[in-house]
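Note sheet for the following structure.
The values are calculated or read from the model by the stated rules, or taken from the named source; none is laboratory data. Please read these numbers as outputs of a predicted model, since none were measured by experiment. Here the Cβ is made from the backbone with ideal geometry for all residues, glycine too, and neighbour counts use every protein chain on show. Just so you know, the surface numbers come from the protein's heavy atoms only, side chains and all, with ligands and any DNA or RNA stripped out. Shrake-Rupley method; radii C 1.70, N 1.55, O 1.52, S 1.80 Å.
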Amino acid sequence: MRADLSLYLVTDPRLCESHGLVETVMAAVRGGVSLVQLRDKHASDAELVSLARRLKTALAGSGVPLIINDRLEVALAGGADGLHIGQDDGEVADARAALGPEAILGLSVQTPEQLARLDARRLDYLGLGPVFATPSKHDHARPLGFAGLAELVAASPLPTVAIGGLKAEHARDVYRAGADGLAVISAICGTPDPEAAARAFPRR
């Protein structure tokens, strides 16, 4: 399955609370979200598997893939379309072997050094960031800014999605830096109308 990275929604259970997570995701998909990552650092595996299955059912027929953050076993048990891992979340080769060749597999990259040693043959895309500091992740690397983003994009052998404090007004700068899309959390999850928030993002 190919990943359309243009508008990549990463869920936040707290920010999605007012509408409900599944309802927030589906509204955002109606607004143009092209890929959904289920991310919840505090839920148990069993809770996430249940939620992944609900989301997968809700997304059926939309053409929008469901990716799981970090947890390989959840991705497998929940029937997700793929997995996104960080630098410390296990080996890319192991994840690819478990997921199979058709699944989407993404990796977070923050520095040129990480980019230089990645295993591009087993990956489908890279998440580059943070572009800006963000409250959703307190242990993030030093923000790249758009210049740093452009540097990583230029050196990347794979499609790229920018992440970290991004909003609709940043889309043009992200595309100018060469990235294939934006990953967002609060710019959609934390809004009164997730569908309208998603529609506000300019497309390439």
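Worth a mention:
- Comparison of D88, D94, D119, D81 shows that the only residue that is under 30 Å from E23 (Cα atoms) and open to solvent by 20 Å² or more (accessible area, probe 1.4 Å) is D81.
- Helices (runs of 4 or more DSSP H) (entirely within segment 154-204) containing at least 2 residues that are touching an Asp or Glu at 6+ places or on another chain (Cβ under 8 Å): 186-189
- A search for C-beta distances below 6 Å between a residue of segment 58-71 that is closer than 10 Å to L38 by Cα and any residue that is open to solvent by 20 Å² or more (accessible area, probe 1.4 Å), counting only pairs 6+ apart in sequence or on different chains, returns L66/K56; L66/A80; L66/D81; I68/A80; N69/R39; D70/D89.
- For segment 46-53, the count of residues that are over 21 Å from L5 (Cβ atoms) and of a type in the set (G, A, S) is nonzero.
- Positions within segment 1-34 being among the hydrophobic types (A, V, I, L, M, F, W, C) and touching an Asp or Glu at 6+ places or on another chain (Cβ under 6 Å), in sequence order: M1, A3, L5, A27
- The residue that is surrounded by the fewest Cβ atoms within 10 Å (Cβ to Cβ), among those in segment 56-78 that are over 17 Å from the mean Cα position of the chain (by Cα) and not in a loop (DSSP other than H, G, I, E, B), is T57.
- Candidates G165, G90: the one that is in contact with a Pro (Cβ under 7 Å, 6 or more places away or on another chain) and at positive phi is G165.
- Yes/no for A46 being more than 18 Å from L182 (Cα to Cα), free of Cβ contacts under 8 Å to residues at least 60 places away in the same chain and buried (at least 17 other Cβ atoms within 10 Å of the Cβ): no
To keep it simple, each residue is scored yes or no on (1) in contact (Cβ under 8 Å) with a residue 12 or more places away in the chain; (2) within 13 Å of the chain's Cα centre (by Cα); (3) crowded, with 23+ Cβ neighbours inside 10 Å.
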position	(1), (2), (3)
L128	yes, yes, yes
E169	no, no, no
R176	yes, no, no
D180	yes, yes, no
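- The single condition among (1) crowded, with 21+ Cβ neighbours inside 10 Å; (2) free of Cβ contacts under 8 Å to residues at least 40 places away in the same chain; (3) farther than 18 Å from L158 by Cβ; (4) polar (S, T, N, Q) that Q110 does not meet is (3).
- Yes/no for R142 being among the basic types (K, R) and not in a loop (DSSP other than H, G, I, E, B): no
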